[in-house]
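Working notes, beginning with the structure itself.
The values are calculated or read from the model by the stated rules, or taken from the named source; none is laboratory data. Being a predicted model, the structure only gives us computed values, none of them experimental. So basically every Cβ, Gly included, is an ideal-geometry build from the backbone, and we count neighbours across all protein chains shown. For accessibility, only protein heavy atoms count, side chains too; no ligands or nucleic acids. Shrake-Rupley method; radii C 1.70, N 1.55, O 1.52, S 1.80 Å.
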Amino acid sequence: MVLAAFSCRSYSLPFLLRLGFINNQLLSFLCPGLRIRGLSVLCAQTRPRAMASSSSWELPLVAVCQVTSTPDKQQNFKTCAELVQEAARLGACLAFLPEAFDFIAHDPAETLRLSEPLGGNLLENYAQLARECGLWLSLGGFHERGQDWEQTQKIYNCHVLLNSKGSVVATYRKTHLCDVEIPGQEPMRESNSTIPGPSFESPVSTPAGKIGLAICYDIRFPELSLALAQAGAEILTYPSAFGPITGPAHWEVLLRARAIETQCYVVAAAQCGRHHAKRASHGHSMVVDPWGTVVARCSEGPGLCLARIDLKYLRQVRQLLPVFQHRRPDLYGKLGHPLS
Ligand SMILES: O=C(O)CNC(=O)[C@H](CS)NC(=O)CCC(=O)C(=O)O
């Protein structure tokens, strides 16, 4: 007990663990109570020592906003605007809002009624907000009436990236729609109201790095994240509204897996709490670094968290573990076909 405590304080436990002077079994034998603390310290410091980052205040800061959207569009805008203003005050160059930041409706009919085109009032309000605050905005899933609205009477789930002048720099329309029924959470039939997008978009240069756009359920398709990484993405974004059953089981694991596989930062702004009588979301917005470490996470309820994006560190991780050189595309030809 004394030895373990002494080790922790004086000789940096993770350092001794890495050198092999002490292992987790020995540690748990010496001090069961400290094991968890020791492991969590280890987790935060598994970043290899040689890979020290640049001075952190020189690195771009991003903000991840977590909200509880309701059917009330005006109120939702007010909540999001306050968080974006807070992000700007804290020095962020880019703020991320979750899927359905504009609203979460009671049913598909209300979703369609509340939707707007890209050129509508809501996007104009966000463009003005970006200009006033002087930061970029990832608007993670806007219920968009597209060019084909008159014929189809259906919308797109559209991720819009605005620069600090309020101009639309990129749009991505969700390609994998969530049509799933999981016992214990409200059935999701996104295709009732939404058309899947035709393609993914090339990653976009921003003050924080090159961003690959995706949305929520897309995270279950590693093919998309690999395609984005191969097209040059350094940051992947998964603005989301995960449910209360799949959230605890899959959310963090999926985010960390995508970060480790692609060696990208993963930024995931999430809906949280109860939207209306029938629907609730998991929350747990976070930023994962290219090593797979969760470097920022929101607490319960609406709010924001911040992370620095260190692209030098990203390149070091990619050098240390050159999985993109070791990949065997000659083996994976049938990938993506339904299981037989
Ligand atoms: O409904 C809206 O207005 C906005 N769209 C959503 O919230 C979508 C479709 S219902 N939600 C998801 O994709 C959750 C995926 C998920 O929970 C999982 O993959 O486990």
Inset, instruction - Could you compute the FRET efficiency for Arg274 and Gln319, with r as their C-beta to C-beta distance and R0 at 51 Å, rounded to 0.05? - result: 0.65
Inset, instruction - Just add up the charged neighbours of Ala88: K/R +1, D/E -1, any other residue whose Cβ is under 14 Å from the Cβ of Ala88. - result: -1
Legend entry - Stretchable slack from Val180 to Leu306, in nm (0.36 nm times residue separation minus alpha-carbon distance): 42.2 nm
Legend entry - Area accessible to solvent at Arg220, 1.4 Å probe radius, in Å²: 80
Inset, instruction - Would you kindly find the accessible area of Glu190, with a 1.4 Å probe and non-protein molecules such as ligands, DNA and RNA excluded, rounding to the nearest 10 Å²? - result: 30
Inset, instruction - Assuming R0 = 25 Å, can you tell me the calculated FRET efficiency for the pair Glu110 and Arg220, based on Cβ-Cβ distance, to the nearest 0.05? - result: 0.40
Legend entry - Nonlocal amide H pairs with Thr194, under 5 Å, H built at 1.01 Å: Ile155
Legend entry - region 111-260 shape via C-alpha gyration tensor axes, a/c threshold 1.5: oblate
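Of all DSSP beta bridges located in region 184-340, what percent are antiparallel, nearest 5?
The antiparallel proportion sits near 65 percent.
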Legend entry - Amide proton proximity set for Ala100, modelled H, under 5 Å, gap of 5+: Gly141, Phe142
Legend entry - region 273-299-region 201-253 distance, computed between alpha-carbon centres (Å): 13
Legend entry - Sequence-distant residues sharing a close amide H with Glu116 (under 5 Å, placed H): Arg145
Inset, instruction - Just grab the label-to-label distance for Val169 and Asp148, each label 7 Å out from Cα along the Cβ direction, in nm (one decimal). - result: 2.9
Inset, instruction - Mind jotting down the distance between the C-alpha centroids of region 126-195 and region 308-337, whole Å? - result: 28
Inset, instruction - Check the straight Cα-Cα distances from Lys154 and name the aspartates and glutamates below 15 Å, setting aside those fewer than 8 residues away within the same chain. - result: Asp107, Glu110, Glu116, Glu144, Glu190
Inset, instruction - Rounded to whole Å and ordered largest first, report the semi-axes of the equivalent ellipsoid of region 70-162 derived from its Cα gyration tensor (root of 5λ). - result: 25, 14, 10
Inset, instruction - Can you pull the one-decimal nm distance between simple spin-label points at Ala227 and Tyr332, each 7 Å off the Cα toward Cβ? - result: 1.3
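Grab the eigenvalues of the alpha-carbon gyration tensor for region 59-119, scale each by 5, take roots, and send me the semi-axes largest first in whole angstrom.
After diagonalising the Cα gyration tensor, the semi-axes are 26, 11, 9 Å.
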Inset, instruction - Taking the Cβ of Leu59 as the centre, find all other residues whose Cβ is under 14 Å away and add up their charges (Lys, Arg: +1; Asp, Glu: -1). - result: -1
Legend entry - Cross-link pairs Lys78/Lys278; Lys312/Lys334; Lys174/Lys312; Lys174/Lys334; Lys165/Lys278; Lys174/Lys278 - those with Cα-Cα distance over 32 Å: Lys312/Lys334; Lys165/Lys278
Legend entry - Accessible-area ranking of Phe142, Phe200, Phe221, largest first, probe 1.4 Å: Phe200, Phe221, Phe142
